1. For segment 186-232, which positions are assigned to a loop (DSSP other than H, G, I, E, B), under 11 Å from the mean Cα position of the chain (by Cα) and over 20 Å from Tyr131 (Cβ atoms)?
2. Of the residues Glu206, Glu193, which is more than 27 Å from Ala147 (Cβ to Cβ) and either in contact with a His (Cβ under 8 Å, 6 or more places away or on another chain) or surrounded by fewer than 12 Cβ atoms within 10 Å (Cβ to Cβ) (or both)?
3. Assess whether Asp160 counts as being more than 25 Å from Ile15 (Cα to Cα), at pLDDT below 90 and within 20 Å of the chain's Cα centre (by Cα).
4. Can you report the number of residues in segment 213-226 which are touching a strand residue (DSSP E or B) at 6+ places or on another chain (Cβ under 8 Å) and either touching a residue at least 40 places away in the same chain (Cβ under 8 Å) or under 17 Å from Lys173 (Cβ atoms) (or both)?
5. Within segment 27-47, how many residues turn out to be at pLDDT 75 or above and in contact with a strand residue (DSSP E or B) (Cβ under 9 Å, 6 or more places away or on another chain)?
6. Of Leu79, Leu91, Leu86, Leu105, which residue is surrounded by 15 or more Cβ atoms within 10 Å (Cβ to Cβ) and touching a Gly at 6+ places or on another chain (Cβ under 9 Å)?
7. List the strands (runs of 3 or more DSSP E) that sit entirely inside segment 83-170 and contain at least 1 residues that are free of Cβ contacts under 8 Å to residues at least 40 places away in the same chain and hydroxyl-bearing (Ser, Thr, Tyr).
Amino acid sequence: MKSVISEGKTSNEAIEKGLKELGCTRQDVDIKVLENEDKRSFYSILAPRVVKVELTLKENIVKREETPRIKANSEEKKLNDEDYNLAKEDLAKFLDSFSGAFAGLSYEINKNENLVEIKISGENSSKLIGYRGDIINALQTVLSAIANKNTKERVRISLDICEYKEKRENTLKELARKLEKTVIRTKRKVVLEPMTAYERKILHTELQNSKAVTTYSIGEEPHRKLVVDLKK
């Protein structure tokens with residue numbers, strides 16, 4: 001399928017439905033509005049608003065999967081000792097300097113299978129979490145760049161502060177199950193607020209074996225949202 005026609009109450013809703021069906025992003029398609037909500041006659045004002053759009057895949061664009069596939073650990077490249085030691089050395093230099101700005105801040109760096117795990121704790125460490133983890137996510141990006149500065153292979157970083165990620169993961173898993181029940185009860189999809197790819201992955205994984213609902217993402221980063229909907 002190279003093109004679809006979709007409908008919605010607004011042009012954005014119609015476009016998102018079409019993107020979901022094609023399994024692609026806005027950059028991958030040409031969009032043509034066939035029927036706009038603004039063009040309504042006097043006799044149709046009581047009828048539901050409907051916008052029709054046609055989405056056509058651009059040349060050389062291949063249909064993509066809606067839900068990300070999670071690779072098994074066996075498919076991931078093993079983190080070798082040489083790269084781990086190089087990453088750990090560079091990370092320690094940065095964190096030694098960084099922790100000096102915070103009284104009582106301490107850190108640990110450990111190797112866990114294919115990950116370099118960094119745990120930060122201390123009296124004022126909770127200030128490094130931010131609203132819904134925005135600071136911890138930004139800091140993890142910085143640490144990832146530092147860790148990969150001198151390594152041969154890509155090193156994956158996992159940063160946790162005051163066990164925030166474990167608590168957040170449990171919260172998101174509980175949310176996933178509540179949303180599943182809500183969608184089943186109301187028979188209406190639920191669109192969540194924008195989340196990071198890490199948080200969306202937790203929800204995707206928690207509901208991937210659900211017999212009643214499915215999950216997919218819409219929108220563009222950093223405003224990409226997760227949708228929980230009934231299975232067709």
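1. Glu220
2. Numbers: Glu206 fails: either in contact with a His (Cβ under 8 Å, 6 or more places away or on another chain) or surrounded by fewer than 12 Cβ atoms within 10 Å (Cβ to Cβ) (or both).
After ruling out the rest, the residue left standing is Glu193.
3. Values: more than 25 Å from Ile15 (Cα to Cα): yes; at pLDDT below 90: no; within 20 Å of the chain's Cα centre (by Cα): yes.
When the stated conditions are applied, Asp160 does not pass them.
4. Going residue by residue through segment 213-226, those that are touching a strand residue (DSSP E or B) at 6+ places or on another chain (Cβ under 8 Å) are 213-219, 224-226.
Applying the additional criterion that residues be either touching a residue at least 40 places away in the same chain (Cβ under 8 Å) or under 17 Å from Lys173 (Cβ atoms) (or both) yields 213-219, 226.
Total meeting the criteria: 8.
5. To start, the set of residues in segment 27-47 that are at pLDDT 75 or above comprises 27-34.
Pick out the ones that are also in contact with a strand residue (DSSP E or B) (Cβ under 9 Å, 6 or more places away or on another chain) and you get 28-34.
Looking only at that region, the number is 7.
6. Details: Leu79 fails: touching a Gly at 6+ places or on another chain (Cβ under 9 Å); Leu91 fails: touching a Gly at 6+ places or on another chain (Cβ under 9 Å); Leu86 fails: touching a Gly at 6+ places or on another chain (Cβ under 9 Å).
Unique residue meeting the criteria: Leu105.
7. Details: elements: 106-112, 115-121, 156-161.
Once the strands (runs of 3 or more DSSP E) in segment 83-170 are filtered for at least 1 residues that are free of Cβ contacts under 8 Å to residues at least 40 places away in the same chain and hydroxyl-bearing (Ser, Thr, Tyr), what remains is 106-112.
Yes/no per residue for (1) in contact with an Asp or Glu (Cβ under 8 Å, 6 or more places away or on another chain); (2) not assigned by TED's automatic domain parsing to the domain that holds Val116:
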{"position": "Ala147", "(1), (2)": "yes, no"}
{"position": "Leu172", "(1), (2)": "yes, yes"}
{"position": "Leu175", "(1), (2)": "no, yes"}
{"position": "Arg200", "(1), (2)": "no, yes"}
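The values are calculated or read from the model by the stated rules, or taken from the named source; none is laboratory data. In this text, all values refer to a predicted model and were calculated from it rather than measured experimentally. FYI the Cβ positions are ideal-geometry reconstructions off the backbone, even for glycines, and counts take in every protein chain you see.
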